[in-house]
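K.L.:
Below you will find the structure I want to go over with you.
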Amino acid sequence: MLNEFKEFIARGNVMDLAVGVIIGAAFSKIVDSVVNDLVMPIVGAVTGGGFDFSNYFIPLSANVTAPSLAAAREQGAVFAYGNFITVLINFLILAWIIFLMIKAVNRMRASIETKKEAAPAAPPPQDIVLLSEIRDLLKQRA
């Protein structure tokens, strides 16, 4: 069983997946920083400043009177839609970045394929040329 596990881990797909998960986690931190440090301050400035989605909630209990989400959660049940908006913005930014990356990769692939098609075909090897000439001579005699 240990040998099977070693064989499973040594496969390329598992290692590729592990690398993808690690890079994805690091990329998620970058996107969080872009949203929290770059996008949200601009959204706040455009909407009149001080606009913070994280404290947007709807109290689900009459006991909830706190102005901040953390304090409101201590008082009772709340519908915290502001955090959802922030996560949604994170997702949209991440999806846009991935779209741009895939678009760039597809453009590079198309460019490489165009260069391959534009390259002149290599001349046939000398033995093929000689065999073709012999074939043509035999056709002429017949």
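The values are calculated or read from the model by the stated rules, or taken from the named source; none is laboratory data. A quick note: this is a predicted structure, and the numbers were derived from the prediction, not measured. When we count neighbours, we look across all protein chains shown, and the Cβ atoms used for this are built from the backbone with ideal geometry, even at glycine. For accessibility, only protein heavy atoms count, side chains too; no ligands or nucleic acids. Shrake-Rupley method; radii C 1.70, N 1.55, O 1.52, S 1.80 Å.
K.L.:
What helices (runs of 4 or more DSSP H) completely inside region 43-142 contain at least 3 residues that are closer than 30 Å to Phe27 by Cβ?
P.N.:
69-75, 81-118
K.L.:
Out of all the residues in region 62-73, is one or more in contact with a Gly (Cβ under 9 Å, 6 or more places away or on another chain), over 27 Å from Ile97 (Cα atoms), β-branched (Val, Ile, Thr) and modelled with pLDDT of 85 or more?
P.N.:
Yes, region 62-73 contains at least one residue that is in contact with a Gly (Cβ under 9 Å, 6 or more places away or on another chain), over 27 Å from Ile97 (Cα atoms), β-branched (Val, Ile, Thr) and modelled with pLDDT of 85 or more.
K.L.:
Hey, can you tell me all the residues within region 30-57 that are surrounded by 10 or more Cβ atoms within 10 Å (Cβ to Cβ), at pLDDT 80 or above and not β-branched (Val, Ile, Thr)?
P.N.:
Ser33, Leu38, Asn55, Tyr56, Phe57
K.L.:
Oh, and also: Which one of these does Leu100 not meet: (1) surrounded by 14 or more Cβ atoms within 10 Å (Cβ to Cβ); (2) out of contact with any strand residue (DSSP E or B) (no Cβ under 8 Å at 6 or more places or on another chain); (3) modelled with pLDDT of 85 or more?
P.N.:
Status for Leu100: all satisfied but (1).
K.L.:
Only one of (1) open to solvent by less than 50 Å² (accessible area, probe 1.4 Å); (2) at pLDDT 85 or above is not met by Arg141, so which one is it?
P.N.:
Failed condition: (1).
K.L.:
Looking only at region 104-130, which residues are modelled with pLDDT of 90 or more and open to solvent by 100 Å² or more (accessible area, probe 1.4 Å)?
P.N.:
Answer for region 104-130, where residues must be modelled with pLDDT of 90 or more and open to solvent by 100 Å² or more (accessible area, probe 1.4 Å): Arg107, Met108, Arg109, Gln126.
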